[in-house]
Amino acid sequence: MEELRAKLKNKKRVVVKIGSSSLQHPETGDLDFTKMDILVRELCNIRNQGKDVILVTSGAIGCGRKSLHIKPPLTIAQKQACAAIGQARLMTTYQRIFSEYSHQAAQILLTRNTIEADLNRHNAQNTFNELLAMEVIPVVNENDTISTFEVEDVIGDNDTLSAIVTALTGADLLILLSDIDGLYTDDPRQNPDAAFIAQVDNITEDLLRMGKASTGSSVGTGGMETKLMAARIATYSGADMVIANGGDVRVIHRIMEGRNYGTIFKANKDENFNFTDIDKIKFNL
């Protein structure tokens, strides 16, 4: 495991995913500006090392819902309206913080059709490549205003989206920041005997069954099942993946230094794996 972790120092293109629960104050649901500032600083420092970095962020619906003072449950139409307001607020906050560290951020909103349609996917790849060549940091979210796939939990709180972005851009590392330390044999919040799994070399059927039995936070929509779906996409595309606790986002540089944080999934590139068939990936889990 130490050898695999040590190789993380040499990664050239990194995707970092942060979920809704890691961006908000649990007491109020408002954005945690201190945490966002540290997150952006971590990403800028990766960029300063000459590495490419992409952020996949949740939080648009929650941000919009909070600004409109709407309490859950929300209809699909309400979620889309909240996303329209919240995405603008979220991106404005990111842009301001990135500028403080002398870096440019660019918004990319993806839909399922972007991934599945050959021409759209090719155009998206060109956009990512050009932005990264310009040393810009892409900030990615699903376009919830026009797409209902994520808000209906078909893709799942951007876990799967971040893995698809990893495959789409040829990234060699995906870091999923969650509200849990990593992968366990059971949900540690309900079972005190759940054992931590530090490294996964192969995604087995037993592992997938464990994911089906787990649940996510009350803020986001993704549980361990979506993280294992993300792990399969990322590792089969040739990237290592780490699930770690986003409570302290400074864990990013600790992971990049090869230190023992979170669960690491070893890359197992499969040339025949089709990361664009989201329905088939979901069904197979």
Hits in segment 251-265 (condition: in contact with a helix residue (DSSP H, G or I) (Cβ under 6 Å, 6 or more places away or on another chain) and assigned to a loop (DSSP other than H, G, I, E, B)): Gly258, Tyr261
Number of positions in segment 246-276 that are without any contact (Cβ under 8 Å) to a residue 40 or more places away in the chain and either touching a Pro at 6+ places or on another chain (Cβ under 9 Å) or closer than 13 Å to Asn45 by Cα (or both): 1
First in segment 53-77 and at positive phi, second anywhere and of a type in the set (A, V, I, L, M, F, W, C) and at pLDDT below 95, Cβ under 9 Å, 6 or more apart: Gly59/Leu23
Unique residue being within 17 Å of the chain's Cα centre (by Cα), without any contact (Cβ under 8 Å) to a residue 40 or more places away in the chain and open to solvent by 60 Å² or more (accessible area, probe 1.4 Å) when the list is Gln95, Gln107, Gln49: Gln107
Selection from segment 67-92 of residues that are open to solvent by 30 Å² or more (accessible area, probe 1.4 Å), under 22 Å from the mean Cα position of the chain (by Cα) and of a type outside the set (A, V, I, L, M, F, W, C): Lys79, Gln80, Arg89, Thr92
Residues of segment 14-46 classified as open to solvent by less than 10 Å² (accessible area, probe 1.4 Å), farther than 21 Å from Leu132 by Cα and modelled with pLDDT of 95 or more, total: 1
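The values are calculated or read from the model by the stated rules, or taken from the named source; none is laboratory data. Note that this is a predicted model, so its numbers are computed, not measured. Heads up, the Cβs are rebuilt from the backbone with ideal geometry, glycines too, and the neighbour counts pull from every protein chain shown. To get the accessible areas, we keep the full protein, side chains included, count just its heavy atoms, and leave off ligands, DNA and RNA. Shrake-Rupley method; radii C 1.70, N 1.55, O 1.52, S 1.80 Å.
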